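Student: Below are the structure tokens for one structure; questions will follow.
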Amino acid sequence: MSALLIGIAQRDLRIAFQQKSELVQPLMFLLMVVTLFPLGVSPSPDTLQRIGPGVIWIAAILSSLLGLERLFRDDFNDGSLEQYTLSGVPLSAIAAVKVLVHWLVSFVPLLILSPLLALFLNLTLPMYIALLLTLLVGTPLLSLIGAIAVALTIGLQRGGVLLALLLIPVFIPLLIFATSAVDSAALQLPYYPQLAIIGAMLLLALALAPFAIAYSLKVSQN
Amino acid sequence: MSGLRASGLTCIKRDRVLFEALSFSLKPGELLYLRGPNGAGKTSLLRIVTGLSSADEGEIYYQGTPIRTSNTYAKSLIYLGHKTALNSALSAIENLHYWAAQHQVAVATSDIYHVLEINGLVGLEDIPVRFLSAGQQRRVALSRLWLKKAPVWILDEPFTALDIDGVAWLERKFSAHVKEGGMLMTTSHQPLSALAGDHTTLDLEYRF
Amino acid sequence: MWKWLHPYAKTENAYQLCLTLQPWLWVGALACLLIGSVWGLAFAPQDYQQGDSFRIIYIHVPSAILSMSTYVAMAVAALVGMVWQWRTAYMAMIAMAPVGAVMTFIALFTGAAWGKPMWGAWWVWDARLTSELILLFLYIGVIALYGTFEDKQQGGKAAGIMALVGVINVPIIHYSVEWWNTLHQGATISKFDNPSIAPEMLWPLLVNLLGFALFIAAVTTVRLRNEIIVREMHRPWVVKLAQKGEK
């Protein structure tokens, strides 16, 4: 079965690299949203440093909403999802693999882009390290929870805004803990409690989300 | 007991009853041809028989066990729906290769080339599927019938977009499958010709 | 217990149950609300700090408590629907959703109105108000998701999953917001931090709480009946019912 899951991962990676522009667009959106804040709020280094962590995280959440749909959209539209469902392999395992690939192709580039964002918003080095750690632990959570909502809305014609409505309230705790970790780093305080809480939420999501995604996909295909 | 058996199926879609207490059976070497007007619930019935959706009441049995708990049903089944299940960015070869891997069918790439060749797709194996015509895409999708050895075929509108040759080609495949003791349940808008061999018909009515 | 409950999985029986319960719920709700409100607003003693303005708790507190409980009840209904495949459970969940959302809105509105004399502003990012606001968003999400589905049966299941995801999140949201609040605002005096409330003030509050609960139950039964009738429009028993009504 593991060979089979690796096969699914290979397929998804291959498709992702065939559709590079779809991967790059949310990242460009993220970069542009971040650019708006110095222009709209204030370019003063102090202000930017104060709002920086929140801005980066909010922009990351918003841009993730744009890219999430491609997680199951093509497979649903062309019928591949039906074939997955009938392959005899638990759909939850397949969903977990697909979420992992989605995280690799849409959030790892964000991690690579993050030093630039930190420079733009005048974050100090300890703040940047904290930001990177929260992104590392927090973005898989975005993918996992987001996948549930995508699986629920995939059969709907106009799922885009609805996806945001469903997900933004659910992401609020993540936003609170992640930004507060970076704030603590700015004050030279320990921030591992916040990281630990995000880690706990991630573990909870890892345990439950694949089953919720599989169930949602079945409901959407019914 | 061998074969497929449906007992007491009820399906309610959008709060409309499509069919109620529907029972039928499909034995090895039988072709069941499902007929009915649009909206009568043909696709819904086929999806219930595959296990993709669940009936509101009733149960499907494969060799005596409910398909929900059967370990062998997934291995014994090929379902092809309205949608071709081909990713448009991948080539025919890649699509079939990944499909075979998902369904744990061991096939070499050369086998896939061979199957595509006998299905009239020479020279189209390596280009992204989105550049193929609808009929060619349908042929790629149907090539799965050659790749996986499965006794149960459930095909929803398999003739869509096929030309006259294609229809005859597929009907011959049907009769060969049934002669080998396979089971086939299908639906289409035009009636099956003599090429497809003997078949029983199940009629669904449109209900309000 | 399941033997006893199981017949109500059938929509027709659930409809009859709603019909039987409804008058009792309405009478109970009106009586409790009348007694509790008159008692609380006219006879309970004044608060020594806030004067008469504290009396808004007789609406604010029950609606806030019940907005949370209604959400939990929705999640329970969704779980029942999922485990036992009861269509009626999903219908009950959907029937509750707007009622809960309105309760949340009442809690927010009264909270804001109370904030004006207390804090001098209509809106303060107080922890409880903020988590109520997020709860309202969760309700809106569930209702919007259900509304977007044309197949209401599928929509009910989808909304049920979302309600379950939300209910796991409600405590996390609650504590994260509380913690965020203490971090950013220092110690704001929370409205309910008073260690104890005088019994003369408490009793009307409890009566009103019961009244609100009965009221929610009553509205839910009406909505559930409605939902069943609309969804089962073509079923023979509904047709028979309609013909009986025409005569």
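The values are calculated or read from the model by the stated rules, or taken from the named source; none is laboratory data. From a predicted model like this one, the values you see are computed outputs, not experimental measurements. Because the Cβ atoms are built from the backbone with ideal geometry, glycine has one as well, and the counts that use them run over all protein chains shown.
Student: Residue A:3 fails exactly one of the following numbered conditions: (1) aliphatic (A, V, I, L, M); (2) over 30 Å from residue A:91 (Cβ atoms); (3) without any contact (Cβ under 8 Å) to a residue 40 or more places away in the chain. What is the number of that condition?
Tutor: Of the numbered conditions (1) aliphatic (A, V, I, L, M); (2) over 30 Å from residue A:91 (Cβ atoms); (3) without any contact (Cβ under 8 Å) to a residue 40 or more places away in the chain, the odd one out for residue A:3 is (2).
Student: Restricting attention to region C:149-159, which residues are buried (at least 20 other Cβ atoms within 10 Å of the Cβ), facing chain A (nearest Cβ under 9 Å) and either within 14 Å of residue A:166 (Cβ to Cβ) or of a type outside the set (D, E, K, R) (or both)?
Tutor: Result: C:149, C:154, C:158, C:159.
Student: Here is a further query. Restricting the search to region A:1-25, which residues are within 11 Å of another protein chain (Cβ to nearest Cβ), closer than 15 Å to residue A:87 by Cβ and loosely packed, with under 13 Cβ neighbours inside 10 Å?
Tutor: Hits for region A:1-25 are A:1, A:3, A:6.
Student: Can I ask one more? Assuming residue B:105 fulfils every condition listed in (1) over 22 Å from residue A:88 (Cβ atoms); (2) at pLDDT below 90 apart from one, which condition is it?
Tutor: Failing condition for residue B:105: (1).
Student: Mind listing just one residue for me: the one in region B:88-101 that is surrounded by 22 or more Cβ atoms within 10 Å (Cβ to Cβ), more than 7 Å from every other protein chain (Cβ to nearest Cβ) and closer than 15 Å to residue A:87 by Cα and, of those, nearest to the chain's Cα centre (by Cα)?
Tutor: Going through the qualifying residues, I end up with B:96.
Student: What do you reckon, is residue A:14 closer than 25 Å to residue A:159 by Cα and without any contact (Cβ under 8 Å) to a residue 60 or more places away in the chain?
Tutor: no
Student: Another question, if that's okay. For the list (1) buried (at least 17 other Cβ atoms within 10 Å of the Cβ); (2) farther than 20 Å from residue A:24 by Cα, I need the number of the one condition that residue A:157 fails.
Tutor: Among (1) buried (at least 17 other Cβ atoms within 10 Å of the Cβ); (2) farther than 20 Å from residue A:24 by Cα, the lone unmet condition for residue A:157 is (1).
Student: Go through (1) under 19 Å from the mean Cα position of the chain (by Cα); (2) at the interface with chain C (Cβ under 10 Å from one of its Cβ atoms) for residue A:211 and report which single condition fails.
Tutor: (2)
Student: Among the helices (runs of 4 or more DSSP H) lying completely within region A:88-206, list those that include at least 3 residues that are away from every other protein chain (no Cβ under 14 Å).
Tutor: Correct list: A:91-106, A:108-120, A:125-153.
Student: Determine if region C:217-230 includes at least one residue that is outside any helix (DSSP H, G or I) and at pLDDT below 90.
Tutor: No, every residue in region C:217-230 fails to be outside any helix (DSSP H, G or I) and at pLDDT below 90.
Student: Could you say which residue among C:180, C:125 is within 14 Å of chain A (Cβ to nearest Cβ), assigned to a loop (DSSP other than H, G, I, E, B) and not small (Gly, Ala, Ser)?
Tutor: After ruling out the rest, the residue left standing is C:125.
Student: Can you find, within region C:160-177, the residue that is farthest from the other protein chains (Cβ to nearest Cβ) among those that are over 22 Å from residue C:84 (Cα atoms) and touching a helix residue (DSSP H, G or I) at 6+ places or on another chain (Cβ under 6 Å)?
Tutor: Residue satisfying both the conditions and the ranking: C:174.
Student: For residues that are at positive phi and either surrounded by 19 or more Cβ atoms within 10 Å (Cβ to Cβ) or not in a loop (DSSP other than H, G, I, E, B) (or both), scanning just region B:39-87, find the one that is nearest to the other protein chains (Cβ to nearest Cβ).
Tutor: B:85
Student: Something else: Mind checking which residues of region C:125-142 are buried (at least 18 other Cβ atoms within 10 Å of the Cβ) and either β-branched (Val, Ile, Thr) or farther than 14 Å from residue C:105 by Cα (or both)?
Tutor: Across region C:125-142, the qualifying residues are C:126, C:127, C:130, C:134, C:141, C:142.
Student: Taking helices (runs of 4 or more DSSP H) that do not extend beyond region B:113-208, which have at least 1 residues that are among the acidic types (Asp, Glu), at pLDDT 85 or above and surrounded by fewer than 20 Cβ atoms within 10 Å (Cβ to Cβ)?
Tutor: B:164-179
Student: Which residue is farthest from the other protein chains (Cβ to nearest Cβ), if the candidates are limited to region A:66-87 and must be assigned to a helix (DSSP H, G or I) and small (Gly, Ala, Ser)?
Tutor: A:67
Student: Go through region B:11-38 residue by residue and tally those that are in a strand (DSSP E or B), more than 16 Å from the chain's Cα centre (by Cα), away from chain C (no Cβ under 12 Å) and not polar (S, T, N, Q).
Tutor: Of the residues in that region, 4 qualify.
Student: For region C:103-122, which residues satisfy the criterion of being more than 14 Å from chain A (Cβ to nearest Cβ) and closer than 23 Å to residue A:167 by Cβ?
Tutor: Answer for region C:103-122, where residues must be more than 14 Å from chain A (Cβ to nearest Cβ) and closer than 23 Å to residue A:167 by Cβ: C:105, C:108.
Student: Can I ask one more? Say we look at region A:45-76 and pick out the residues that are β-branched (Val, Ile, Thr) and under 12 Å from the mean Cα position of the chain (by Cα); which of these is nearest to residue A:138 (Cα to Cα)?
Tutor: A:61
Student: Quick check on this structure: which one of A:48, A:36 is buried (at least 16 other Cβ atoms within 10 Å of the Cβ) and either more than 13 Å from every other protein chain (Cβ to nearest Cβ) or under 30 Å from residue B:107 (Cβ atoms) (or both)?
Tutor: So the residue among A:48, A:36 that is buried (at least 16 other Cβ atoms within 10 Å of the Cβ) and either more than 13 Å from every other protein chain (Cβ to nearest Cβ) or under 30 Å from residue B:107 (Cβ atoms) (or both) is A:48.
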